[in-house]
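All remarks here apply to the structure that follows.
The values are calculated or read from the model by the stated rules, or taken from the named source; none is laboratory data. The shown structure was predicted, so the numbers you read here are calculated from the model rather than taken from an experiment. A quick note on method: Cβ atoms are made from the backbone with ideal geometry, for glycine too, and the neighbour counts reach across all protein chains shown.
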Amino acid sequence: MKHIYYLHENGDLIHKGEIDGSIAADIRESPFARGLWFLDIDNREDAWNILVEALAGGAKAGRIQELAELWGCNDSDALNYAQRLGVLLEKDGAAWCATRSDFIDLQASPAGFGDTALEAMAALAKELGYRPSKLWGNTFENLLAAGEDDEVENGQFGVGA
């Protein structure tokens, strides 16, 4: 079963139920919606994408935490997601640190820090320039795959950011 979530301009991450073409179209056309994601409840990566990208895009942290708990997205599960995307994720003292696989050092490479692995990955997404979109923008995964000097293309139609 697939569901729709969208990020309202006020920071609310709103669930609109099962996918219905008219709901997705209404969200895409809404001036109040900043981001749109689809969740297949059988796909853990969808859940992580929503959590990381929505938090990086300005969603209220309390709502993200609520969904992370509901979906079982914790620090240990984050290691699986990070490995899948090629994110280096490790505990640095009391904080988590997330970097791309081409990490050199903190002066030369983007990095994100947070109290949780989720917060660190969201901070890295922001550092890489992530901005929420309503379908055709860049994803955290696209931004990770791009090298520092590469032009980042979005996930559809080869259109630049």
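When segment 28-41 is filtered for residues that are within 15 Å of Pro132 (Cβ to Cβ) and either surrounded by fewer than 17 Cβ atoms within 10 Å (Cβ to Cβ) or at pLDDT below 90 (or both), the ones remaining, listed by number, are Arg28, Ser30, Pro31, Phe32, Phe38. One residue stands out in segment 75-92 among those that are in contact (Cβ under 8 Å) with a residue 40 or more places away in the chain and farther than 22 Å from Leu135 by Cα: the one that is surrounded by the fewest Cβ atoms within 10 Å (Cβ to Cβ), namely Gly86. Scan segment 27-53 for residues that are among the aliphatic types (A, V, I, L, M), more than 16 Å from Leu118 (Cβ to Cβ) and within 12 Å of the chain's Cα centre (by Cα) and the total you get is 1. Being in contact (Cβ under 8 Å) with a residue 24 or more places away in the chain, within 27 Å of Gly114 (Cβ to Cβ) and out of contact with any Leu (no Cβ under 9 Å at 6 or more places or on another chain) is not true of His3.
Looking at this structure, is Trp37 in a strand (DSSP E or B), out of contact with any Gly (no Cβ under 8 Å at 6 or more places or on another chain) and aromatic (Phe, Trp, Tyr)? It is true that Trp37 is in a strand (DSSP E or B), out of contact with any Gly (no Cβ under 8 Å at 6 or more places or on another chain) and aromatic (Phe, Trp, Tyr). Annotation: Lys16 fulfils all but one of (1) touching a helix residue (DSSP H, G or I) at 6+ places or on another chain (Cβ under 8 Å); (2) at pLDDT 95 or above; (3) farther than 18 Å from Phe140 by Cα; the unmet one is (2). Set side by side, the residues Ala24, Ala95, Ala108 differ, and just one is surrounded by fewer than 19 Cβ atoms within 10 Å (Cβ to Cβ), more than 12 Å from the chain's Cα centre (by Cα), without any contact (Cβ under 8 Å) to a residue 60 or more places away in the chain and closer than 22 Å to His8 by Cα, which is Ala24.
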